[in-house]
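Enquirer: Okay, here's the structure, questions in a sec.
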Amino acid sequence: MDEELIFQGDIILPYLGRNALTTAAPWDQGIVPYMFDRRSDRFFQEQVLNAMETMYELTNGCIRFVPRTQQGDFIAITSYADECFSAFGRIVGLGPHFVHLGPGCRQQATILHELLHSLGFVHEQSRTDRDSYITVQYQNIIQRLRSQFDINRHTTTYGVPYDYESIVHYRQYEFSMNGRPTIITKDRRYQNIIGNVQTLSEKDILKLQIRQLNILYKCINIFF
């Protein structure tokens, strides 16, 4: 896949390049149509559906994945890619927004990670306040991939503190060219935790329920 179309390692920015970060729209009423590729087996589909159900439960039903019928825009989930990639949010009129979950991408945490990208969320370490919490070791990063550690100036924190335990945080050795860490946490207790969580953190859930998805998708029934 063309590296210029990949942002932060696993986010697909189709056609629009990095402009997609500002043009991606919410899914209408929090309803996300999906379909699986024909090659995907029942077990794979069940793994993805379990992650979708988790999203539904954590957002009190404000985010709902539904099988595609006639919707023009939808997420197309493939099981045959070599790696894990997801389109970023919704580009109106694009049609299929691919979520690629290859054989090494079937863990529940990885599926949740990629689904968050498909809903329009980038990695935790791209926040504008990240330098107060981590130090990026650019000298250890593969040179052509150093831009994958850029801060996303369009990111908002929604008032939720930085989260070392976020399911969408890079690992400490992400894109290392020499086996040395590319990220050093300022709170060293989290050095071996970043990027290794197995489920949504408390702050991930907070963002899903209150600060992020429910605000982004204007869900008003969460408190009722």
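The values are calculated or read from the model by the stated rules, or taken from the named source; none is laboratory data. What you see is a predicted model, and the numbers here were worked out from it, not measured in a lab. A quick note on method: Cβ atoms are made from the backbone with ideal geometry, for glycine too, and the neighbour counts reach across all protein chains shown. Ligands, DNA and RNA are excluded from the accessible area calculation, which covers all protein heavy atoms including side chains. Shrake-Rupley method; radii C 1.70, N 1.55, O 1.52, S 1.80 Å.
Enquirer: Test SER126 against the criterion of being polar (S, T, N, Q) and buried (at least 24 other Cβ atoms within 10 Å of the Cβ), and give yes or no.
Expert: no
Enquirer: If GLU114 satisfies all but one of (1) open to solvent by less than 10 Å² (accessible area, probe 1.4 Å); (2) at pLDDT 80 or above; (3) on the phi > 0 side of the Ramachandran plot, what's the number of the condition it fails?
Expert: (3) is the only condition that GLU114 fails.
Enquirer: Quick one: how many residues across the stretch 43-70 are open to solvent by less than 30 Å² (accessible area, probe 1.4 Å), at pLDDT 85 or above and not in a strand (DSSP E or B)?
Expert: Qualifying residue count, the stretch 43-70: 6.
Enquirer: Within the stretch 159-168, is even one residue part of a helix (DSSP H, G or I), open to solvent by 10 Å² or more (accessible area, probe 1.4 Å), within 16 Å of TYR190 (Cβ to Cβ) and in contact (Cβ under 8 Å) with a residue 24 or more places away in the chain?
Expert: No, because not a single residue in the stretch 159-168 is part of a helix (DSSP H, G or I), open to solvent by 10 Å² or more (accessible area, probe 1.4 Å), within 16 Å of TYR190 (Cβ to Cβ) and in contact (Cβ under 8 Å) with a residue 24 or more places away in the chain.
Enquirer: Does SER176 qualify as being surrounded by 14 or more Cβ atoms within 10 Å (Cβ to Cβ), touching a Ser or Thr at 6+ places or on another chain (Cβ under 9 Å), modelled with pLDDT under 95 and of a type in the set (Gly, Ala, Ser)?
Expert: no
Enquirer: Can you tell me which condition THR199 does not meet? The list is (1) within 20 Å of SER118 (Cβ to Cβ); (2) at pLDDT 95 or above; (3) surrounded by fewer than 19 Cβ atoms within 10 Å (Cβ to Cβ), and all the others hold.
Expert: (2)
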